[in-house]
Amino acid sequence: MEWLKRSLSNKKEEVEDGTAAERQRLEAAEPMPESPAALNAPELESEQERRERWRSVYVIYFTMFQMSLGFSIVLTGVWPYLDKLEPGASKEVLGLAVGAAPLGQLLASPLLGLWANARGVRAPLRAALALFVLSQALYAQLHAARPRAAAVMLAARLLVGVSSASIAVARAYLSAATTVSERTRAVAAVSLAQVLGFVVGPALQAAAAPLGSGAPYAPVGELDLRPRLDMYTAPAWLNAALGALNLALLLPCSFKERKIAAREAMLAHGKGSEAEALKALRPDRVSSWTLVFAFFVLNFSFVLLETLATPLTMDQFAWSKAQALKYMGALMSAGAVLACATFALITPLTKLFQERAVLLWGGFLLVGLASVLCIPWGPGPPPLAPPDSAEAGGGCPAPRQPWCATSRALTVPQFLLGYTAVSIGYPLGVTLIQTIFSKVLGPRPQGVWQGVLTGAGCVARALGPACVALLYARHGPDAAFGATASLTLATLAGLRVLYDRLRPPSPPSLPLQPLQPLNGNKDPES
């Protein structure tokens, strides 16, 4: 029996050695590229195709800038324009006008993404831009709708939101038109284009102020369709002109759809066609939905500080309205410059560290830290406003906010450090979530998924201001910022648990079959 055991052991070792040798032979004969850089560029595309592909990516950059500009350029002018159109209009209408755009984007993003998956991106982008031009012209001509100007303004802002659902289509195309190695740089650039749109918009609205409010409107009931050019309508007309230019840039002569991601996956994994590559690469749905929720949390936390910054400083530092507008305007401008610098540093950072690591410890940790820093821990209570003060400003109004008498004060260094942290952490987080999300989904069409991601951001922007304002008014900054800090840091912990799954999908590995001995080589002792 001892010889039988030795014989079986020798057989096992021979088979294992043969299997290992066969594996080494196969790997030496057919090396699989570890990264897209290992692929030869001519196999992916010609030089002409590469130029056309990047020209289309630049058009996407402009589209994202223009959509963000169109959303932000009229925000500071909505209330005075509405008050001129319908004197005595309530601020509830203002809230509805501002919230209509995110609502329209939320509803239309998945539908536009589905259209892009089925028919390509050119048709949905052109339809959205045509709707954008129409909505801007409608906003500029609201005087013709009096006395129903408020209702028409809501419709115009809703159409702006529907048209801005093209952002989901643009993100989906960016994922399909870039290689894995190009993706981080491209998403950082498109995020920078969005931020620039939000920064430049209010500045252009201010630049239109010298035009004044224009001539008096015609009497109510008298139809007046003549175009007006004043400080309220000039930004809308500029948006319409930029939208028309964007439509021209999407013509076939300047925008050619070049989707390289699927071909890259086909060559990298040795498949015979792009369809085979897409079938073999299954996205990780747990990671995908976790990133969608993380995107919601990041936007919710950012909206918190954005919404509460002005009332917080007026309550905690006893600033007047004029002081709050002046100082917060300067601080937000500095934060925008810092955010732009952060976008520029994302590509170098991801060459030194893993994208997942920068997302967790540079994005979410800093945003969570910003909320922690805004929890008051000063030496005494905040300055209290005079009891008979009817307007906000000059201190914390204890009669309306009872927590003012028991809360501790927020210090200026705390607030500045918190604002700096979110100005760095938010650009890192929002860019790298989109980058990793597109890589986790793989080279397949991402229109619907990008619509879901965009919708999560819309929900955060729509619910965030109302939720945090209510929480702050009733329970103070401890509760408001404590809640968002807990939510952000809990999401950070969840992402850390899934850390190894936040990567592009891998094709299913085929099990190696052990080599069978030849019939002619039988063991003489058997």
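Some points to look at:
- S333, sole failed condition from (1) open to solvent by 60 Å² or more (accessible area, probe 1.4 Å); (2) over 18 Å from T313 (Cβ atoms); (3) part of a helix (DSSP H, G or I): (2)
- Among residues of region 85-129 being touching an Asp or Glu at 6+ places or on another chain (Cβ under 9 Å) and not aliphatic (A, V, I, L, M), the one that is modelled with the highest pLDDT is R122.
- Single unsatisfied condition, C253 versus (1) open to solvent by 40 Å² or more (accessible area, probe 1.4 Å); (2) touching a residue at least 60 places away in the same chain (Cβ under 8 Å); (3) not in a helix (DSSP H, G or I): (2)
- Listed by first and then second residue, the pairs with beta-carbon distance under 9 Å, at least 6 apart or on different chains, first residue in region 490-501 and farther than 14 Å from F295 by Cα and in contact (Cβ under 8 Å) with a residue 24 or more places away in the chain, second of a type in the set (D, E, K, R) and in a helix (DSSP H, G or I), are Y499/R356.
- Residues of region 79-119 that turn out to be of a type outside the set (S, T, N, Q) and more than 15 Å from M153 (Cα to Cα), as a count: 13
- Residues that are at pLDDT 75 or above, surrounded by fewer than 21 Cβ atoms within 10 Å (Cβ to Cβ) and not hydrophobic (A, V, I, L, M, F, W, C) within region 60-84 comprise Y61, P80, D83, K84, listed in sequence order.
- Subset of region 292-306 that is modelled with pLDDT of 85 or more and more than 14 Å from W449 (Cβ to Cβ) - its residue that is most open to solvent (accessible area, probe 1.4 Å): F296
- All conditions in (1) open to solvent by 10 Å² or more (accessible area, probe 1.4 Å); (2) farther than 26 Å from L96 by Cα hold for V162, with the sole exception of (2).
- Of the residues Y472, Y419, the single one that is in contact with a Cys (Cβ under 9 Å, 6 or more places away or on another chain), surrounded by fewer than 23 Cβ atoms within 10 Å (Cβ to Cβ) and in contact (Cβ under 8 Å) with a residue 24 or more places away in the chain is Y419.
- Just so you know, in region 317-328 the residues that are part of a helix (DSSP H, G or I) and out of contact with any helix residue (DSSP H, G or I) (no Cβ under 9 Å at 6 or more places or on another chain) include one that is most open to solvent (accessible area, probe 1.4 Å), and it is K326.
- The residues listed here are R51, R55; of these, the one that is farther than 22 Å from A144 by Cα, open to solvent by 10 Å² or more (accessible area, probe 1.4 Å), touching a Lys or Arg at 6+ places or on another chain (Cβ under 9 Å) and at pLDDT 85 or above is R55.
- Residues considered: A156, A168, A108, A128. Of these, the only one that is open to solvent by 10 Å² or more (accessible area, probe 1.4 Å) and part of a helix (DSSP H, G or I) is A108.
- Verdict on V440 being in a helix (DSSP H, G or I) and open to solvent by 10 Å² or more (accessible area, probe 1.4 Å): no
Quick grid of which residues meet (1) under 20 Å from L338 (Cβ atoms); (2) touching a helix residue (DSSP H, G or I) at 6+ places or on another chain (Cβ under 6 Å):
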| residue | (1), (2) |
| --- | --- |
| G395 | no, no |
| L417 | yes, yes |
| S423 | yes, yes |
| P443 | no, yes |
| R461 | no, yes |
| L470 | no, no |
| F481 | no, yes |
| A490 | no, no |
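- Within region 131-153, the set of residues being open to solvent by 20 Å² or more (accessible area, probe 1.4 Å) and assigned to a helix (DSSP H, G or I) comprises L131, V133, L134, A137, L138, A144, A145, A151, V152.
- Cβ pairs under 7 Å, 6+ apart, first in region 132-147 and on the phi < 0 side of the Ramachandran plot, second in a helix (DSSP H, G or I) and open to solvent by 20 Å² or more (accessible area, probe 1.4 Å): V133/A244; L134/L159; S135/L159; L138/V152; A140/W237; L142/V152; A145/V152
The values are calculated or read from the model by the stated rules, or taken from the named source; none is laboratory data. In this text, all values refer to a predicted model and were calculated from it rather than measured experimentally. Counting neighbours? That spans all protein chains shown, and the Cβs are built from the backbone with ideal geometry, glycine included. Surface areas here come from the heavy atoms of the whole protein model, side chains and all, with no ligands, DNA or RNA. Shrake-Rupley method; radii C 1.70, N 1.55, O 1.52, S 1.80 Å.
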